[in-house]
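Reading through the structure tokens given below for one structure.
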Amino acid sequence: MRIAHYLNQFYAGLGGEEAADLGPRVIDGPAGPGRLLQQLLGEQHRIVATIVCGDDHAATTPGVSAELLGLARAAGAELLVAGPAFGSGRYGLACARLVAAATAAGLPALGSMHPDNPGLAEAGTAPVIAAGATAREMRPSLQRLAAAVAKLATSESLTAADGRIAQVARVGRLVERRAAWRAVDLVLRRLGGDTEATEIPVGGFDAVVPAAPLDKTASAAVALLTEGALVPAGNPDRLESARATRWLRYQIEGIEELATGAWESVDGGFATVAANADPNRMLPLDAARELERDGAIGRLHGEFLVTVGNGTSVATARRFGVEWAAELRKAGVQAAILTAT
Amino acid sequence: MPRVERSRTVQALRRVVHTVHTVELGETTGYEQGRLLVGRSQAEARYADPALAAVRVHVASPGDAVRIIAPLDVVEPRAKGPGGGMFPGWLAPVNRRRGPETHVLRGAAVLSAGYLPRNQEGLIDMTGPAAELSPFGGTHNVVVEFDPADGASWAEVDAAVRRGSLRLAAHLAEAAVEAEPDAVEELAEPHRPGEPTGGLPRVGVITNLQTQGAFKDVFVYGRSMAGSLPTLFDPAEVEDGAVVSGQYGHPALRNPTYLHQNHPVLAELRARDGRDLRFAGLVLSPEPVEQSGKELCSTHAAWLCRAAGFDAAIVTKEGAGNADNDLALKVDALEALSLAAVALYAEMSGPDGTGPPLVAGPRRGALVSTGNYDQRLRLPAVERALGGDRLRILDVDATAAIEAPVAMMLSALSPLGAGRLTCRAEEAA
């Protein structure tokens with residue numbers, strides 16, 4: 001089988017974060033982890049091309065999946081393999097979107113990433129094989145991926161036994177007993193020594209490791225972000241008041257402060273009276289400009305990014321986080337202030 | 001030292017239940033054999049207030065092709081009989097003479113609806129698939145729409161509508177005081193620490209009340225609980241309306257006054273009292289907005305439960321993300337003191353249920369799922385809408401066929417445990 005292998009700029013050996021805005025390109029044959037994957041695949045399957053794109057470019061450019069898919073097709077690929085992306089958000093998003101696009105276009109495709117990768121949800125019905133959380137688990141991840149490729153080549157479908165990450169859906173349903181009855185039942189079971197019983201798994205929240213402090217704030221580009229749904233008065237782009245499905249950007253280049261009446265918060269989850277009376281208290285543009293004038297920061301980024309946190313699902317919020325990080329990196333921003341309500 | 005004899009001078013509360021089978025509008029309010037007649041002008045008079053220009057009274061019963069949009073509070077009609085005493089802090093002084101009987105019009109509800117700032121738009125369908133998800137799709141509702149008076153502030157309008165609904169609820173139930181009851185229910189006081197347990201565990205409930213300021217506040221004896229420490233509270237007073245909601249956030253995650261009056265966890269603890277457990281009591285707690293306040297209330301609530309001799313506690317909340325942290329901290333604090341703890345959470349796992357279910361959760365304890373906030377339902381068109389003409393959030397006519405998340409359906413994910421929704425993991429093929 002002829003395989004096109006998708007990698008980000010780092011694993012393709014084209015550079016680190018400084019090269020993250022690299023556009024799509026092709027390397028003949030396997031590259032980086034593709035070489036070990038080729039060894040594991042043996043002679044039956046051949047990586048004919050490595051398709052590469054920088055993480056920021058891939059995460060922020062509309063239509064990039066179609067472009068990457070075109071490169072794979074041009075290389076005569078019969079199968080597209082993407083990753084392993086491990087736990088990397090932008091890389092995972094790119095892999096997931098690419099395998100989804102390939103599957104939708106009729107080209108068999110297989111992704112590889114950690115089950116907690118924020119990109120996973122974008123893979124749709126395309127199969128994704130579990131990888132470790134970090135590149136320390138490169139070899140076992142590639143072994144699992146190679147075995148899955150071999151199985152897929154025989155037209156067998158992949159299952160959880162192959163490491164396929166099953167989409168576990170928590171399905172809502174009506175049951176006989178109301179929640180209060182079930183709560184009493186659960187507390188009695190717990191008192192009786194059954195410490196495992198629960199209707200929702202307990203624990204497992206990921207901790208965010210803060211980035212290292214800036215060396216020099218005086219030369220740093222700083223962005224302002226908010227999940228408080230601050231938009232131009234009248235909400236021309238119709239940002240949701242709850243349960244966001246998207247985020248928006250607004251220019252603040254040359255604006256010294258946010259004028260009362262020109263901006264409003266459409267957040268449905270908190271009392272917006274004070275924020276509307278002085279929008280700078282929601283998005284501290286006046287204070288940030290002062291710091292910029294005083295030379296305490298290098299420059300303020302020319303636009304702010306905004307969504308509504310109210311009722312927005314964790315999965316959606318994690319994807320926004322990945323997209324915002326890519327946007328800001330691409331724009332050369334070193335620090336961001338994200339105000340929350 | 002003389003031994004102090006503990007005598008029980010306070011009688012247990014008796015719920016005198018009158019079941020409502022039909023509700024109609026008419027000339028004079030009356031109740032007879034399950035039929036509640038609502039005197040239109042008598043009802044309107046309960047809302048007399050300088051902040052209101054007009055009110056309109058409607059009825060909506062289960063099965064009617066009616067959608068109620070922008071619902072505000074819901075109140076169960078209850079009355080103490082001659083002399084009053086219902087809704088202490090609002091319609092009666094707290095130190096009133098407290099009669100031992102509370103008349104209940106079971107199956108009926110007074111429900112105000114209409115625009116208020118921060119009233120996050122919800123709905124109740126009286127027919128179709130959403131009807132069985134909201135507790136108020138199954139009640140005979142006396143629905144009150146209102147027009148603010150010129151110059152009245154929204155806070156004044158809110159207070160006027162609340163007072164009106166409480167007065168109307170008491171007025172309607174007073175009509176049944178002389179009627180032959182359908183049932184009389186004795187509500188025992190909580191088990192006292194130190195009394196024999198018969199080997200049964202003492203289980204209580206902590207109920208967090210949202211305290212986020214105007215339009216997002218819950219009142220205890222007429223006052224916001226913001227700034228208070230958690231406190232042990234007399235559950236009989238909750239039956240008599242000591243807890244009143246003025247909280248209009250996330251519709252599916254709201255606890256209207258009706259659900260405090262009929263607190264589902266209290267009811268289930270009482271139902272199993274003496275059989276599987278001893279009902280140990282009720283703790284009310286605010287849900288502060290600052291992290292330090294959340295930590296303070298959690299630490300103190302756990303101490304209070306231990307001091308009151310609880311072996312276990314069920315913890316309930318109101319609202320979304322912010323409130324999930326209060327649940328998590330309380331469960332962790334209880335478990336750290338070796339009390340078994342269970343919390344009631346709604347999930348937010350996206351429309352297809354594949355996302356992480358919780359924003360914040362405890363490290364230990366056990367969790368009940370009251371359903372998925374993001375699950376979507378198709379609702380058929382209805383003949384008539386009350387509470388407004390348009391669903392603003394979807395930008396459609398209020399009677400239209402719509403697709404809407406469970407999040408919009410009033411109390412469908414009831415954090416007090418009124419509903420039968422849950423979620424279960426199902427692996428796709």
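A few points about this structure:
- Part-to-part distance (alpha-carbon centres) for the stretch B:53-97 and the stretch A:284-326, which is given in Å: 45
- Placing unit charges on each Cβ (+1 for Lys and Arg, -1 for Asp and Glu) gives chain B a dipole about its Cα centre, and among B:LEU296, B:LEU259, B:PRO148 the Cα reaching farthest toward its positive end belongs to B:LEU296.
- Relative contact order computed over chain B (Cα-Cα under 8 Å; 6+ residues apart), in percent: 19
- Think of chain B as having a plus end and a minus end, set by charges on the Cβ of Lys, Arg, Asp and Glu; of B:GLY89, B:ALA51, B:THR29, B:GLY89 sits farthest toward the positive end of this dipole.
- Charge dipole (the protein assembly as shown, unit charges on Cβ, about Cα centre) - positive-most of B:PRO135, A:THR134, A:GLY193: A:GLY193
- Inter-chain Cβ neighbour count for A:219-231, averaged per residue, equals 0 (cutoff 10 Å, partner chain atoms only).
- Area buried, chain A against chain B - accessible surface, total, 1.4 angstrom probe, square angstrom: 5000
- Measure of compaction for the stretch A:2-165 (Cα Rg per 2.2 N^0.38 Å): 0.90
- Antiparallel %, DSSP beta bridges [both residues in the protein assembly as shown], to 5: 45
- Value of relative contact order over the stretch A:2-165, rounded to a whole percent, pairs C-alpha under 8 Å and six or more apart: 20
- The Cα atoms of chain A define a convex hull whose projected area, averaged across directions, is 22.1 nm².
- Average partner coverage of B:412-424, which counts Cβ from other chains inside 10 Å: 5
- Separation of alpha-carbon centers, the stretch A:212-278 and the stretch B:151-186, rounded to whole Å: 42
- The protein assembly as shown: calculated mean residue ellipticity at 222 nm from DSSP helix runs of at least 4, using -39500 (n - 2.57): -7000 deg cm²/dmol
- Counted charge near B:LYS294, where neighbours are those whose Cβ lies closer than 13 Å (Asp, Glu -1; Lys, Arg +1): -4
- For peptide B:344-350, the mean count of partner chain Cβ atoms within 10 Å of a residue's Cβ comes to 6.
- Apportionment of accessible area to carbon and sulfur, the stretch B:120-244, percent (1.4 Å): 51
- Highest mean packing comes first when the peptides A:184-191, B:263-270, A:8-15 are listed by Cβ atoms within 10 Å, giving B:263-270, A:184-191, A:8-15.
- The listed peptides A:112-119, A:276-283, B:228-235, B:157-164, ordered by packing as a protection proxy, come out as A:112-119, B:157-164, A:276-283, B:228-235 (highest mean of other Cβ atoms within 10 Å first).
- Solvent exposure of the protein assembly as shown as accessible area per residue, Å², 1.4 Å probe: 40
- Percent carbon-and-sulfur accessible area, the stretch A:2-165, ignoring ligands, DNA and RNA, probe 1.4 Å: 51
- In a simple Cβ point-charge model (Lys, Arg +1; Asp, Glu -1; nothing else charged), the stretch B:381-429 has a dipole of about 220 debye relative to its Cα centre.
- Near B:VAL157: Cβ cut-off under 14 Å, other residues only, Lys/Arg at +1 and Asp/Glu at -1. The net charge is -4.
- Within the full protein context, the accessible area of A:GLU199 is estimated at about 50 Å² for a probe radius of 1.4 Å.
- Share, in percent, of DSSP beta bridges within chain A that are antiparallel, nearest 5: 30
- Within the accessible area of the stretch A:221-339 (1.4 Å probe), percent carbon and sulfur: 54
- Here the stretch A:221-339 is assigned +1 on the Cβ of each Lys and Arg and -1 on the Cβ of each Asp and Glu. Its dipole about the Cα centre then comes out at about 520 debye.
- Bins of 20 Å from zero: percent of alpha-carbon pairs in the protein assembly as shown: 15, 42, 31, 11, 1
- Ordering of B:172-179, B:36-43 by packing [mean C-beta count within 10 Å, highest first]: B:172-179, B:36-43
- Note on the protein assembly as shown: Lys pairs 8 or more places apart or on different chains, Cα atoms under 30 Å apart, count 9.
- All C-alpha to C-alpha distances of the stretch A:221-339, sorted into 5 Å bins beginning at zero, yield P(r) values of 2, 12, 23, 24, 20, 14, 5, 1 percent in whole numbers.
- Charge tally for B:ASP311 (other residues, Cβ to Cβ under 11 Å; Lys, Arg +1; Asp, Glu -1): +4.
The values are calculated or read from the model by the stated rules, or taken from the named source; none is laboratory data. In this text the structure is predicted, and so the values were computed from the model without any measurement. Virtual Cβ from ideal backbone geometry, glycine too; neighbours counted across all protein chains shown. Keep in mind that these areas ignore ligands, DNA and RNA; they rest on the heavy atoms of the full protein, side chains included. Shrake-Rupley method; radii C 1.70, N 1.55, O 1.52, S 1.80 Å.
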